[in-house]
Amino acid sequence: MKKQVKTAAVLFLLACVSMTSCNTSKKENNNNMIEKVSFGKLPDGQETELYTLKNASGMEVKISNFGGTVVSWTAPNNKGVYEDIILGCDSVSGYLKGVPYFGALIGRYGNRIANGKFTLEGKEYSLAQNNGVNALHGGLKGFDKVLWTATPIEGEEPGLKLTYTARDGEEGYPGNLSVEVVYTLQKDNSLKIDYKATTDKTTVVNLTNHTYFNLNGNLDSDILEHEVTLNADKFLPVDKTLIPTGELKPVVGNVFDFLKSKKISAGINDTTDTQIKAGGGYDHCWVLTDSTKTLKSAATVYEPKSGRVLEVLTTEPAIQFYTGNFLDGTIKGKNGIIYKHRSGLCLETQHYPDSPNQSAFPSTVLKPNETYQTTTVYKFSVK
Ligand code: BGC
């Protein structure tokens, strides 16, 4: 009897060992596999998909082919706990209810164009005025609301290639524009976004990503105690409709100075500042001190409770720092969480807003035979 028990115990142990090793190797294999699941149907019946990129250290980024949207993103805190650090919705139906560009790819022209009009090679183009009198983020059905063609890229640094061709005249812009965006989850806990576009007619292009970060890991909190550094010695003051006045204003001596790390709460409610008043907080474009097209550090955000640090590197000349001022507690996001005022911050790397109408700004014109190409990296670490 005793012998039988012993044998059973040995067999049980062996089974456990083999199960564990099975699980481990399955996990190892799975780490490099890109999982694809349904993300729900569009009103016209088309299926949308959700892809999961995972790296070896455990970071997970979920991206949908609807809008090229980054839906969730886990990053470790200083105790090694992975939590979702971005705002988003549980399925595509949430994104169809008019959420403010959560995680989405923005184009053909990110940010505002004054009065929805611009002139190119002597011809005036009219766009939808979808933000007061201005055009915002590519129009009524910008790149955030279209279905992209997705191709997973398996490997140690998994990626997702997304392509979309906007037709000549789509949302009022000239030229058939072929766009390719590649998201790559790198070993060092960074997500690289490579943007490329070509056109068959002269057009304007300004692509970005509109992820709302809350590094706290508790998406039910606000971002006011996040500490921000912006490597930008100037910013673009705006008029009442948030169109740049054309001035490049030094940040030194006012609440727009983030050259040294500073809590967002230090200046965001300073309503004696006319620019804070205009934006209802920070909603401005900062001009990076380093204007070269190399990949350089543009911004760093540190969240003291979790110890999470996010660094943003880009080849772009500017960054729109938006503190979620228009979030008003009416949107229910992932897991039923209500996104309150300023519960997320955006760091949208880009060219200056309204460049098509402001000739002194770096050009956003793309001609046939030219290739638009930019890269932005969002890199996580802990302190
Ligand atoms: C703009 C904000 C706008 C937000 C959501 C940001 O890029 O600067 O003014 O409210 O996008 O649409």
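The values are calculated or read from the model by the stated rules, or taken from the named source; none is laboratory data. On a predicted model such as this, the values are computed, not experimentally measured, just so you know. Every residue, glycine as well, gets a Cβ built from its backbone with ideal geometry; the counts of neighbours run over all protein chains shown. Just the protein is used for accessible areas: all its heavy atoms, side chains included, with ligands, DNA and RNA removed. Shrake-Rupley method; radii C 1.70, N 1.55, O 1.52, S 1.80 Å.
Could you check the range 288-319 and list, in sequence order, the residues that are of a type in the set (V, I, T) and either open to solvent by 10 Å² or more (accessible area, probe 1.4 Å) or at pLDDT below 95 (or both)? Scanning the range 288-319 gives T289, T292, T294, T300, V309, T315. Evaluate the following for F235: is it free of Cβ contacts under 8 Å to residues at least 60 places away in the same chain and either in a loop (DSSP other than H, G, I, E, B) or hydroxyl-bearing (S, T, Y) (or both)? So F235 fails the test.
Would you confirm whether or not the range 92-106 contains a residue that is open to solvent by less than 10 Å² (accessible area, probe 1.4 Å), assigned to a strand (DSSP E or B) and closer than 17 Å to F326 by Cβ? Looking through the range 92-106, at least one residue is open to solvent by less than 10 Å² (accessible area, probe 1.4 Å), assigned to a strand (DSSP E or B) and closer than 17 Å to F326 by Cβ.
When the residues of the range 202-232 are filtered to those that are touching an Asp or Glu at 6+ places or on another chain (Cβ under 8 Å) and not in a loop (DSSP other than H, G, I, E, B), the one that is farthest from the ligand (Cβ to nearest atom) is E227. Within the range 333-345, the set of residues being surrounded by fewer than 23 Cβ atoms within 10 Å (Cβ to Cβ) and in a strand (DSSP E or B) comprises just one member, I338. With respect to the conditions (1) within 16 Å of the ligand (Cβ to nearest atom); (2) open to solvent by 10 Å² or more (accessible area, probe 1.4 Å); (3) more than 25 Å from I113 (Cβ to Cβ); (4) not hydrophobic (A, V, I, L, M, F, W, C), K277 falls short on a single one, namely (3). Residues that are among the hydrophobic types (A, V, I, L, M, F, W, C), more than 16 Å from the ligand (Cβ to nearest atom), farther than 22 Å from N369 by Cα and touching a Ser or Thr at 6+ places or on another chain (Cβ under 7 Å) occur at least once in the range 137-150. Screening the candidates T330, T349 for the property of being within 16 Å of the ligand (Cβ to nearest atom), surrounded by 23 or more Cβ atoms within 10 Å (Cβ to Cβ) and of a type in the set (V, I, T) yields one hit, T349.
None of L345, L327 is closer than 19 Å to D144 by Cβ, at pLDDT 95 or above, in contact with a helix residue (DSSP H, G or I) (Cβ under 8 Å, 6 or more places away or on another chain) and of a type in the set (A, V, I, L, M, F, W, C) except L345.
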